[in-house]
Amino acid sequence: MSEAFARFHPNPGWTAQANQPQVAITDTVGKHCILELYGCDHARLNDEDFLRSAITNAALRAGATLLNLITHRFEPQGVTGLALLAESHISIHTWPESGYAAVDVFTCGDHTMPESACQVLVEELKAHSHLLKSFRRETPSQIAETEREPCGLT
């Protein structure tokens, strides 16, 4: 890891915890991708309009349905974006001063391809390197057969 990125954890929370219970899984509800982008184009990381376009392209390439897109540009630099998808979400947080972006893509169902959304962002932000972790979100067997209601309803 380069000196410029030493303050970023290279692998946050991806190691198994010794005292985590083992749970039987019954059904995959979606796929979750965590993407770290390094050495990105600084100007693109700070361009809110460009990032809105890149996120939209990522959602389309994933086969997802974009419902809403919210972005905010910080002063003096950096952008956060959140795309609400019918299938879940895409989020991005940028640090132009470090050439770094943190991306989260979660899609439910089996018709979407979140890795394709990640590839769009790697390409559009011109990342020199990246780290992609992808895992399935699954329904634990303890709740798979139970009837569930939203909290607060009786």
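The values are calculated or read from the model by the stated rules, or taken from the named source; none is laboratory data. None of these values were measured; they are calculated from a predicted model. Every residue, glycine among them, receives a Cβ derived from its backbone with ideal geometry; neighbour counts consider all protein chains shown.
Can you work out which of the residues in the stretch 114-152 that are closer than 13 Å to GLU36 by Cα and in a strand (DSSP E or B) is modelled with the lowest pLDDT? Taking the candidates together, the pick is SER134. If SER98 meets every condition in (1) within 20 Å of HIS72 (Cα to Cα); (2) of a type in the set (S, T, N, Q); (3) modelled with pLDDT under 95 apart from one, which number is that one? Evaluating SER98 over (1) within 20 Å of HIS72 (Cα to Cα); (2) of a type in the set (S, T, N, Q); (3) modelled with pLDDT under 95 leaves (3) as the failure.
Okay, residues lined up against (1) over 16 Å from the mean Cα position of the chain (by Cα); (2) surrounded by fewer than 19 Cβ atoms within 10 Å (Cβ to Cβ); (3) not in a strand (DSSP E or B):
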| position | (1), (2), (3) |
| --- | --- |
| ARG52 | no, yes, yes |
| THR56 | no, yes, yes |
| ALA59 | no, no, yes |
| LEU82 | no, yes, no |
| SER91 | no, yes, no |
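Residues in the stretch 70-93 that are touching a Phe, Trp or Tyr at 6+ places or on another chain (Cβ under 7 Å) and closer than 17 Å to CYS33 by Cα: SER88, HIS89.
Output the number of residues of the stretch 101-113 satisfying the condition of being at pLDDT 95 or above and out of contact with any Asp or Glu (no Cβ under 9 Å at 6 or more places or on another chain).
So in the stretch 101-113, the residues at pLDDT 95 or above come out as 101-105.
Subset that is out of contact with any Asp or Glu (no Cβ under 9 Å at 6 or more places or on another chain): 104.
Of the residues in the stretch 101-113, 1 are at pLDDT 95 or above and out of contact with any Asp or Glu (no Cβ under 9 Å at 6 or more places or on another chain).
The rows are residues; the columns are (1) touching a residue at least 24 places away in the same chain (Cβ under 8 Å); (2) more than 13 Å from GLY30 (Cβ to Cβ); (3) touching a helix residue (DSSP H, G or I) at 6+ places or on another chain (Cβ under 6 Å).
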position	(1), (2), (3)
ASN57	yes, yes, yes
GLU87	yes, no, no
TRP95	yes, yes, no
PHE106	yes, no, no
VAL120	yes, yes, yes
PHE135	yes, no, no
